[in-house]
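To keep things clear, I will list the structure first and then write my remarks on it.
The values are calculated or read from the model by the stated rules, or taken from the named source; none is laboratory data. Here the structure is a predicted model, which is why all the values come from computation and not from measurement. Glycine also receives a Cβ, built like all others from the backbone with ideal geometry; neighbour counts cover every protein chain displayed. Calculation scope for accessible area: heavy atoms of the full protein, side chains included, ligands and nucleic acids excluded. Shrake-Rupley method; radii C 1.70, N 1.55, O 1.52, S 1.80 Å.
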Amino acid sequence: MQSVFFVAIMFLVALAWPSTAQAPSSPIPISSSSYAFSRGALSSATTVDLWIDLGCSDCLNDWPLLSQVYDKYSDDVRFNYHLFPLPYHQFAFLLAKSANCVALHGSPGDVFNFFDTVYTTSNQALIYNSATANMTYNEVMTTTVSKFVTDSSDSLSATDFLDFMASDYDCEQNTRYQFKNAALSSIYGTPMCTVNGVTITDGLSTIEDWTTFLDGLVFSPL
């Protein structure tokens, strides 16, 4: 009987004792934009959210189609681009941080020029795991990524870019928040998209597919 009483007391103590598995006291911050880069019809009721990884070959393959969709619906749809650097792409986080640096310190729209620059076959070949396997962080920064930046922005020099990457913590912090927001949004790969908050996993592989889908949302009467 005494042992049963002792076990009961220990159980109550365990319930009251702070657990190391508790939720963090400082929750992951969420903003209205989820730290996205937005363009198009910003006040539109139709929103396309795209999660991309700048070191991802699947994103490279889909980027021409995604750009075509934007060109066709830029007057009618809001497009949010979220960076989700996947850990198995060796320098994906560096590319995402560089994009945030361009967005913070370049001219408006330069970040989308950066996306276009990175998503070319020749430039992707320079950043793949196999191409950078024997390169240091600084070598990738100075020989490869800084050129992507200067090719994308007339207002951001290579020297300024490298200085900002080393000194401006917002470049780092925004990239971390983007990764955390993607995880909170149940994003597990790239490219992925949601339309008005609904995850779309299949059926949008051509411009015709996108046209049929978006026309029904944008132009159909309620």
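Selection over segment 37-61 of residues that are closer than 17 Å to TYR188 by Cα and either outside any strand (DSSP E or B) or open to solvent by 20 Å² or more (accessible area, probe 1.4 Å) (or both) gives a count of 8.
Scanning segment 87-139 for residues that are farther than 14 Å from CYS171 by Cβ, surrounded by 20 or more Cβ atoms within 10 Å (Cβ to Cβ), in contact (Cβ under 8 Å) with a residue 40 or more places away in the chain and of a type in the set (A, V, I, L, M, F, W, C) turns up PHE91, PHE115, VAL118, ILE127.
Here ASN134, ASN113, ASN138 are screened, and the one residue that is assigned to a loop (DSSP other than H, G, I, E, B) and out of contact with any Cys (no Cβ under 9 Å at 6 or more places or on another chain) is ASN134. Assess whether PHE161 counts as being surrounded by 20 or more Cβ atoms within 10 Å (Cβ to Cβ), farther than 26 Å from LEU65 by Cβ and in contact (Cβ under 8 Å) with a residue 40 or more places away in the chain. In short, yes. Is there a residue being of a type in the set (Ser, Thr, Tyr) and either surrounded by fewer than 11 Cβ atoms within 10 Å (Cβ to Cβ) or modelled with pLDDT of 95 or more (or both) anywhere in segment 215-222? For segment 215-222, residues of a type in the set (Ser, Thr, Tyr) and either surrounded by fewer than 11 Cβ atoms within 10 Å (Cβ to Cβ) or modelled with pLDDT of 95 or more (or both): present. Within segment 116-131, the set of residues being assigned to a helix (DSSP H, G or I) and not aliphatic (A, V, I, L, M) comprises ASP116, THR117, THR121, SER122, ASN123, GLN124, ASN129, SER130.
Being loosely packed, with under 13 Cβ neighbours inside 10 Å and outside any strand (DSSP E or B) holds for only one residue in THR175, THR212, THR190, and it is THR212. All of ARG39, ARG78 fail the test of being at pLDDT 95 or above, over 17 Å from ASP110 (Cα atoms) and within 17 Å of the chain's Cα centre (by Cα), apart from ARG78. For VAL77, which of the numbered conditions (1) closer than 25 Å to ILE200 by Cβ; (2) surrounded by fewer than 20 Cβ atoms within 10 Å (Cβ to Cβ) fails to hold? Among (1) closer than 25 Å to ILE200 by Cβ; (2) surrounded by fewer than 20 Cβ atoms within 10 Å (Cβ to Cβ), the lone unmet condition for VAL77 is (2). Which residues, counting only those in segment 134-154, are closer than 16 Å to GLY106 by Cα, under 23 Å from the mean Cα position of the chain (by Cα) and not aliphatic (A, V, I, L, M)? Once the filter is applied, which keeps residues that are closer than 16 Å to GLY106 by Cα, under 23 Å from the mean Cα position of the chain (by Cα) and not aliphatic (A, V, I, L, M), segment 134-154 yields SER146, LYS147, PHE148, THR150, ASP151, SER152, SER153. For the structure I just gave you, tell me whether TYR70 is open to solvent by less than 50 Å² (accessible area, probe 1.4 Å) and either of a type in the set (Ser, Thr, Tyr) or touching a residue at least 60 places away in the same chain (Cβ under 8 Å) (or both). Answer is yes for this residue.
Could you list all residues from segment 87-110 that are on the phi < 0 side of the Ramachandran plot and assigned to a loop (DSSP other than H, G, I, E, B)? PRO87, TYR88, HIS89, GLN90, PHE91, GLY106, SER107, PRO108 - these are the residues of segment 87-110 that are on the phi < 0 side of the Ramachandran plot and assigned to a loop (DSSP other than H, G, I, E, B).
Consider THR199 carefully, then state whether it is assigned to a strand (DSSP E or B), open to solvent by 60 Å² or more (accessible area, probe 1.4 Å) and not aromatic (Phe, Trp, Tyr). It is true that THR199 is assigned to a strand (DSSP E or B), open to solvent by 60 Å² or more (accessible area, probe 1.4 Å) and not aromatic (Phe, Trp, Tyr). The set of residues from segment 140-158 being in contact with a Gly (Cβ under 9 Å, 6 or more places away or on another chain) and open to solvent by 50 Å² or more (accessible area, probe 1.4 Å) comprises ASP154, SER155.
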